[in-house]
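Just so it is clear, none of the values below were taken in a lab; they were calculated from the coordinates. Here the structure is a predicted model, which is why all the values come from computation and not from measurement. Note: ideal-geometry Cβ built from the backbone for every residue, glycine included; neighbour counts use all protein chains shown.
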Amino acid sequence: MSRIGVLVSGRGSNLQALIDAQAAGQLGGRIVVVISNHAGVLALERAAQAGIPTVVLERQAFASRQAQHLAIAETLSAHGVDLVVLAGFDRILHPEVVRRFQHRILNIHPSLLPAFAGSLHAQADALAYGVKITGCTVHLVTEEVDAGPIVLQAAVPVFDDDTVERLSERILAEEHRILPEAVRLLAEGRLRLEGRRVQIDRSAAPA
Ligand code: GRF
């Protein structure tokens, strides 16, 4: 059973999707710690409600971003985490942390990567650009932002009369579906990397 650490920064609706999947026995692992880089956010409440230990590591408590992120890595290790999920984490993880959990970190991004990579408002960018289809992507985290091997994607149509809010909401519903699924696939050892392509083994689990 994978020991999962989740990094959050805000509302935590993706964290909630992971908590719900775990409760339904569909996460393939157990969330053992939730770490936030902001105090007082809803994500922390959701974790506490589910009985999951929480840790707050804010930037201002450290001399540098590197020191803060190394503390995040230490906290993950101290909880025996072997799979990390960035669920609405609003910072770029320091390369040293990425190396420490190589191919064991998943991120969710609200666009069909590589479109709108690196954007903190990818839904608004998609609308402004005029794409007809956008969506979301779960990928393995590498040192290059939003550029790691793609695990799962879901497409979402953009309507003529869409607003950023409505489009974001429809993308979010897909995020909540594919993030737990990707976590399970990684936790169950069903992902195989071929270059930057991810092959998924969807055969039935051995009885
Ligand atoms: C999601 O849209 C996620 O894709 C993006 O930030 C948002 C986080 O939402 N990286 P939540 O905190 O999980 O509700």
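For region 171-199 and region 24-43, compute the distance between their C-alpha centroids and round to whole Å.
Distance between centres, Cα-based: 17 Å.
Calculated from DSSP H runs of 4 or more alone, at -39500 (n - 2.57) each and per residue, what is the 222 nm mean residue ellipticity of the chain, nearest 500?
Calculated from helices alone, the mean residue ellipticity at 222 nm is -10500 deg cm²/dmol.
With a Förster radius of 45 Å, plug the Cβ-Cβ distance of V131 and R30 into 1/(1 + (r/R0)^6) and report the FRET value to the nearest 0.05.
0.75
Tell me the trypsin sites (Lys or Arg not before Pro) within region 112-188 that lie in a loop according to DSSP and have at most 16 other beta-carbon atoms within 10 Å. Before the final figure, lay out the partial values.
On the way: sites: K132, R166, R170, R177, R184; in loops: K132.
Qualifying residues, ordered by number: K132.
So what is log10(I(q)/I(0)) for the chain at q = 0.15, 0.18 1/Å, when the Debye sum runs over its Cα atoms only?
So the normalised log intensities are -0.94, -1.33.
Treat each spin label as a single point 7 Å out from the Cα along the C-beta direction, and report the R197 to V56 distance in nm.
Between R197 and V56, the simple spin-label model gives 4.7 nm.
Residue by residue, what Karplus-based ³J(HN,Hα) values in Hz, rounded to whole numbers, does region 187-193 have, using 6.51, -1.76 and 1.60 with θ = phi - 60° and x for Gly and Pro?
Karplus values, whole Hz, x for Gly and Pro: 4, 8, x, 9, 9, 10, 8.
Is the shape of region 60-102 rounded, prolate or oblate, going by the alpha carbon gyration tensor and its root eigenvalues a ≥ b ≥ c, with a/c under 1.5 for rounded and a/b larger than b/c for prolate?
Prolate, since a/c reaches 1.5 and a/b exceeds b/c.
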